[in-house]
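Please read the structure below before turning to the comments.
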Amino acid sequence: MSEKTPKKIDHIGIAVTSIEEVLPFYVGSLKLRLIDIEEVPSQGVKVAFLGVGESKVELLEPLSDESPIAKFIAKRGEGVHHIALGVTNIESRIEDIKENGVKMINDEPVPGAGGAKVAFLHPKSARGVLYEFCEKEQVTK
(Lines give C-alpha, C1' and ligand atoms only; values in the text may rest on other atoms or scores of the structure.)
Protein backbone atom coordinates (compact mmCIF):
# COMPACT_ATOMS: atom_id res chain seq x y z
CA MET A 1 0.00 0.00 0.00
CA SER A 2 1.39 3.39 -1.02
CA GLU A 3 1.93 6.09 1.61
CA LYS A 4 -0.63 8.10 -0.36
CA THR A 5 -3.31 5.42 -0.13
CA PRO A 6 -5.65 5.91 2.86
CA LYS A 7 -5.22 3.12 5.44
CA LYS A 8 -8.91 2.79 6.27
CA ILE A 9 -12.07 4.70 7.03
CA ASP A 10 -11.03 6.02 10.43
CA HIS A 11 -14.49 7.27 11.34
CA ILE A 12 -17.77 8.64 10.08
CA GLY A 13 -18.77 11.94 11.67
CA ILE A 14 -22.43 12.45 12.53
CA ALA A 15 -23.74 15.88 13.55
CA VAL A 16 -26.15 15.80 16.52
CA THR A 17 -27.72 18.48 18.69
CA SER A 18 -27.10 16.49 21.90
CA ILE A 19 -24.76 13.55 22.46
CA GLU A 20 -26.54 12.82 25.74
CA GLU A 21 -29.89 12.45 23.95
CA VAL A 22 -28.66 10.19 21.11
CA LEU A 23 -26.16 8.04 23.03
CA PRO A 24 -28.82 5.55 24.25
CA PHE A 25 -29.65 4.77 20.60
CA TYR A 26 -26.03 4.18 19.59
CA VAL A 27 -25.01 2.24 22.71
CA GLY A 28 -28.32 0.62 23.66
CA SER A 29 -29.99 -0.06 20.31
CA LEU A 30 -27.04 -0.35 17.91
CA LYS A 31 -24.80 -1.90 20.60
CA LEU A 32 -21.78 0.24 19.70
CA ARG A 33 -19.04 0.52 22.29
CA LEU A 34 -18.50 4.00 23.80
CA ILE A 35 -14.76 4.71 23.63
CA ASP A 36 -14.47 8.30 24.82
CA ILE A 37 -16.16 11.68 25.05
CA GLU A 38 -14.10 14.87 24.80
CA GLU A 39 -14.31 18.52 23.83
CA VAL A 40 -12.29 19.83 20.89
CA PRO A 41 -12.34 23.62 21.29
CA SER A 42 -10.31 24.16 18.10
CA GLN A 43 -13.22 22.66 16.14
CA GLY A 44 -16.00 24.02 18.38
CA VAL A 45 -17.38 20.57 19.20
CA LYS A 46 -17.90 17.96 21.85
CA VAL A 47 -17.33 14.48 20.40
CA ALA A 48 -18.18 10.94 21.38
CA PHE A 49 -16.32 8.09 19.71
CA LEU A 50 -18.10 4.75 19.35
CA GLY A 51 -16.30 1.60 18.21
CA VAL A 52 -17.38 -0.38 15.15
CA GLY A 53 -14.73 -3.00 14.36
CA GLU A 54 -11.57 -1.14 13.32
CA SER A 55 -13.51 2.04 12.56
CA LYS A 56 -15.51 4.47 14.65
CA VAL A 57 -18.62 6.59 14.59
CA GLU A 58 -17.92 10.13 15.81
CA LEU A 59 -20.89 12.00 17.22
CA LEU A 60 -20.36 15.77 16.91
CA GLU A 61 -22.25 18.17 19.18
CA PRO A 62 -21.74 21.93 18.74
CA LEU A 63 -20.24 23.81 21.68
CA SER A 64 -21.88 27.08 20.55
CA ASP A 65 -24.21 28.50 17.94
CA GLU A 66 -21.11 29.71 16.05
CA SER A 67 -19.69 26.19 15.70
CA PRO A 68 -19.46 24.84 12.13
CA ILE A 69 -21.51 21.86 13.37
CA ALA A 70 -24.28 24.17 14.66
CA LYS A 71 -24.37 25.85 11.26
CA PHE A 72 -24.45 22.46 9.52
CA ILE A 73 -27.39 21.30 11.67
CA ALA A 74 -29.26 24.58 11.13
CA LYS A 75 -28.88 24.21 7.35
CA ARG A 76 -29.23 20.43 6.86
CA GLY A 77 -30.41 18.93 10.14
CA GLU A 78 -28.74 16.17 12.10
CA GLY A 79 -27.02 13.44 10.12
CA VAL A 80 -23.84 12.33 8.38
CA HIS A 81 -21.36 15.20 8.37
CA HIS A 82 -18.08 13.73 7.08
CA ILE A 83 -16.06 10.63 6.29
CA ALA A 84 -12.56 10.53 7.78
CA LEU A 85 -9.82 8.65 5.95
CA GLY A 86 -6.92 7.40 8.04
CA VAL A 87 -3.65 8.51 6.44
CA THR A 88 0.05 8.57 7.18
CA ASN A 89 2.15 11.71 6.56
CA ILE A 90 -0.82 14.05 6.37
CA GLU A 91 1.29 17.01 5.22
CA SER A 92 2.48 15.08 2.16
CA ARG A 93 -1.06 13.88 1.47
CA ILE A 94 -2.40 17.46 1.56
CA GLU A 95 0.28 18.66 -0.88
CA ASP A 96 -0.33 15.72 -3.21
CA ILE A 97 -4.07 16.21 -3.36
CA LYS A 98 -3.71 19.97 -3.90
CA GLU A 99 -1.34 19.24 -6.81
CA ASN A 100 -4.21 17.21 -8.28
CA GLY A 101 -6.49 20.26 -8.21
CA VAL A 102 -8.46 19.40 -5.07
CA LYS A 103 -9.32 22.39 -2.89
CA MET A 104 -8.71 22.01 0.85
CA ILE A 105 -10.50 23.70 3.72
CA ASN A 106 -7.33 23.22 5.77
CA ASP A 107 -4.06 23.75 3.88
CA GLU A 108 -2.22 22.67 7.02
CA PRO A 109 -3.23 20.00 9.57
CA VAL A 110 -5.11 21.20 12.66
CA PRO A 111 -5.59 19.47 16.03
CA GLY A 112 -8.49 17.01 16.11
CA ALA A 113 -10.04 14.71 18.67
CA GLY A 114 -7.89 12.07 20.33
CA GLY A 115 -4.68 13.92 19.54
CA ALA A 116 -5.05 13.39 15.79
CA LYS A 117 -3.87 15.79 13.12
CA VAL A 118 -6.74 16.49 10.70
CA ALA A 119 -7.43 18.40 7.49
CA PHE A 120 -10.69 18.69 5.57
CA LEU A 121 -11.11 18.60 1.80
CA HIS A 122 -13.57 21.13 0.41
CA PRO A 123 -16.85 19.36 -0.46
CA LYS A 124 -17.07 21.28 -3.75
CA SER A 125 -13.96 19.35 -4.87
CA ALA A 126 -15.47 16.01 -3.77
CA ARG A 127 -18.94 16.04 -5.33
CA GLY A 128 -20.59 17.39 -2.20
CA VAL A 129 -18.97 15.00 0.29
CA LEU A 130 -16.91 16.39 3.17
CA TYR A 131 -13.80 14.22 3.58
CA GLU A 132 -11.28 14.50 6.38
CA PHE A 133 -7.70 13.27 6.37
CA CYS A 134 -6.89 11.95 9.86
CA GLU A 135 -3.40 11.05 11.04
CA LYS A 136 -2.95 9.47 14.43
CA GLU A 137 0.32 8.76 16.16
CA GLN A 138 1.29 5.15 15.89
CA VAL A 139 1.26 3.50 19.30
CA THR A 140 3.87 0.78 19.71
CA LYS A 141 3.45 -1.95 22.27
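The values are calculated or read from the model by the stated rules, or taken from the named source; none is laboratory data. Small disclaimer: the values here were computed from a predicted structure and weren't measured. Glycine also receives a Cβ, built like all others from the backbone with ideal geometry; neighbour counts cover every protein chain displayed.
Below, the figures for the structure above:
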quantity	calculated
Selection count, the range 99-141, where residues are under 17 Å from HIS81 (Cβ atoms), outside any strand (DSSP E or B), in contact (Cβ under 8 Å) with a residue 24 or more places away in the chain and not small (Gly, Ala, Ser)	2
Identity of the residue in the range 48-68, of a type in the set (A, V, I, L, M, F, W, C), at pLDDT 95 or above and out of contact with any Asp or Glu (no Cβ under 7 Å at 6 or more places or on another chain), that ends up surrounded by the fewest Cβ atoms within 10 Å (Cβ to Cβ)	VAL57
Options LYS4, LYS56: the member that is in contact (Cβ under 8 Å) with a residue 40 or more places away in the chain and out of contact with any strand residue (DSSP E or B) (no Cβ under 8 Å at 6 or more places or on another chain)	LYS4
Options PHE49, PHE120, PHE72; residue that is aromatic (Phe, Trp, Tyr) and over 20 Å from ILE9 (Cα atoms)	PHE72
Residue within the range 10-17 that is polar (S, T, N, Q), closer than 25 Å to LYS71 by Cβ and either buried (at least 17 other Cβ atoms within 10 Å of the Cβ) or out of contact with any Gly (no Cβ under 7 Å at 6 or more places or on another chain) (or both) present	yes
ARG33 over 25 Å from GLU137 (Cβ atoms), of a type in the set (Lys, Arg) and loosely packed, with under 13 Cβ neighbours inside 10 Å	no
Residue among PHE120, PHE72 that is more than 13 Å from the chain's Cα centre (by Cα), modelled with pLDDT of 95 or more and under 18 Å from GLN43 (Cα atoms)	PHE72
Selection within the range 37-82 - among the acidic types (Asp, Glu) and more than 22 Å from LYS7 (Cα to Cα)	GLU38, GLU39, GLU61, ASP65, GLU66, GLU78
